[in-house]
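This report concerns only the one structure given below.
Please treat every number below as a calculation from the coordinates, not as lab data. Quantities reported herein were computed from a predicted structural model and do not represent experimental measurements. Because the Cβ atoms are built from the backbone with ideal geometry, glycine has one as well, and the counts that use them run over all protein chains shown.
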Amino acid sequence: MLIVMNHEAASEQIDAVLAAIKALGYRGEPIPGSMRTAIGVLGNQGYVDDSSIRELPGVREILHVSKPYKLVSRDFHPQPTVVDVCGVRFGGQNRPVIIAGPCSIETEEQMMQAARRVKQAGGRMLRGGAFKPRTGPHSFQGLGLEGLKLLRQAGDAEKLPVVTEVMRIEQLDQICRYSDMLQIGARNMQNFDLLKEVGKLDKPVLLKRGMSATIEEFLAAAEYLLAEGNGQVVLCERGIRTFETATRNTLDLSVVPLVKELSHLPIVVDPSHATGKRSLVPIMAKASLVVGADGVMVEMHPDPDKALCDGAQSLDGKGFAALMTELDAVMDFLGV
Ligand code: PEP
Ligand code: MN
C-alpha cells in the first residue's frame with residue numbers, strides 16, 4: 001500500500017500516518033518527492049484495511065498494491081482449481097459443464113421431465129430453486145423442503161448431481177441433505193455471514209456475481225469462502241445492472257478471461273438471467289464457451305409458458321436439446 005500525502009502536508013501529519021501504520025503492525029517508509037511525500041507500507045502479507053489512515057489530515061490518496069483477495073488469486077495458487085461435484089468436474093482441462101433445469105421447482109412431473117430432458121440432451125447437472133429470492137413478496141416463493149425432495153428425486157432418477165440456492169444460514173442443514181452443490185445467488189453475494197458459514201462446509205459452491213458487483217468485490221466474496229476453508233468454489237457470471245433495459249441484465253463476458261487471469265477458480269456463465277430472453281440464450285451460451293467459460297447454466301422448463309418463474313428466459317426441452325448439439329460442436333471446435 002502506498003499513501004500519497006498532500007503537497008503541503010506538515011511533518012506532524014506524516015508522523016501521524018507513520019504512527020497509524022505502526023499501530024496496524026506494519027512499517028511505514030517515507031518517500032520524499034519534489035512536490036509531495038509518499039509513504040510506503042511494508043511488512044503486510046496482503047490487503048491492508050486503510051480505514052484508520054484514510055481520514056487522517058494531510059492524506060491525499062491511498063493506492064492498494066495488494067488485492068483484497070489472496071487465496072482466490074493466481075499469484076497464490078497458479079494452477080487452476082478443479083471443483084468436483086459428484087464426479088462432474090469444473091475447471092482445468094475438463095470439458096465445460098452444462099447445467100440446466102427450471103428456475104423454480106414446481107411439481108414432481110415438471111422436475112422429472114426436466115431431468116429427463118437434461119440427461120437425454122447431454123446436460124451434466126440439474127438445477128432448480130426451492131427457496132426463491134423474488135423481487136416482490138406476492139410472487140411464488142418456492143416450495144421449500146418439498147422442492148428440495150423433488151429436486152433430489154429427479155436428480156437421482158437421471159443420475160445428475162443437483163444444485164440449488166441457499167438464502168439463509170438456517171436453511172443450510174436442510175439443503176446440504178438434499179443438494180450436491182450450494183448456489184449463492186446474486187442478491188446474496190455480499191451476505192458475508194452466509195458466506196462465512198458456507199465456507200465452513202465441505203460442499204461445492206456456485207457463487208453468482210452480484211448484479212452491481214465489481215470483479216474485485218466478486219473475488220473478495222469468494223475469498224470469504226476460501227478463508228473459512230472451502231476451496232470448492234465455482235464462480236458464475238449472470239449479468240450486471242447497467243443503463244440498458246432492453247435485456248434483463250448486461251452480460252459481462254469479458255469477466256471470464258479476466259477472472260482466469262486473476263484467479264484459479266473455475267467460472268461459468270448463466271446467459272438466462274443475463275439476457276432475460278429465450279431467443280438470446282443459445283448464442284450467448286455459445287459465446288460464453290468461446291471466451292473460455294468452464295460451463296454454462298441455463299434455465300430449461302418442460303413448458304416455459306406455464307412456468308411460475310422466469311418462463312420468458314427458459315428454453316423448452318426441444319430448445320435445450322438443440323442448444324446442446326450446438327454447444328457440443330463449439331466444444332469440439334475449441335478442443336475443450
Ligand atoms: C437463479 O439462478 O435461480 C437466480 C435467482 O439467479 P440470480 O441469483 O443470478 O438472480
Ligand atoms: Mn430464474
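Things to note:
- Sites VAL336 and ARG54, calculated FRET efficiency, Cβ-Cβ separation with R0 51 Å, nearest 0.05: 0.70
- For the peptides 265-277, 197-209, the ranking by mean Cβ contacts within 10 Å, running from highest to lowest, is 265-277, 197-209.
- Taking the square roots of 5 times each eigenvalue of the Cα gyration tensor of segment 97-233, largest first, gives ellipsoid semi-axes of 25, 16, 14 Å.
- Per residue, the Cα convex hull of segment 238-336 amounts to 97 Å³.
- In whole angstrom, segment 93-162 maps to an equivalent ellipsoid with semi-axes of 23, 14, 9, each derived as √(5λ) from the alpha carbon gyration tensor and ordered largest first.
- Ranked by how many other beta carbons lie within 10 Å on average, peptides 297-306, 32-41 from highest: 297-306, 32-41
- Averaging Cα coordinates gives a centre for segment 228-276 and one for segment 52-100; these two points are 13 Å apart.
- Pairwise FRET efficiency - ASN44 versus THR247, Cβ, R0 = 41 Å, nearest 0.05: 0.50
- Reach of LYS132 by Cα under 16 Å, taken over aspartates and glutamates that are not fewer than 8 positions away in the same chain: GLU106, GLU146, GLU165, GLU170, GLU299, ASP310
- With the convex hull drawn over the C-alpha atoms of the chain, the volume per residue is 154 Å³.
- Gyration tensor analysis over the Cα atoms of segment 28-126 returns equivalent ellipsoid semi-axes of 52, 18, 10 Å (largest first, whole Å).
- Unsatisfied cross-links (Cα-Cα over 31 Å) in the set LYS203/LYS306; LYS159/LYS286; LYS200/LYS318; LYS196/LYS277; LYS70/LYS203: LYS203/LYS306; LYS200/LYS318; LYS196/LYS277
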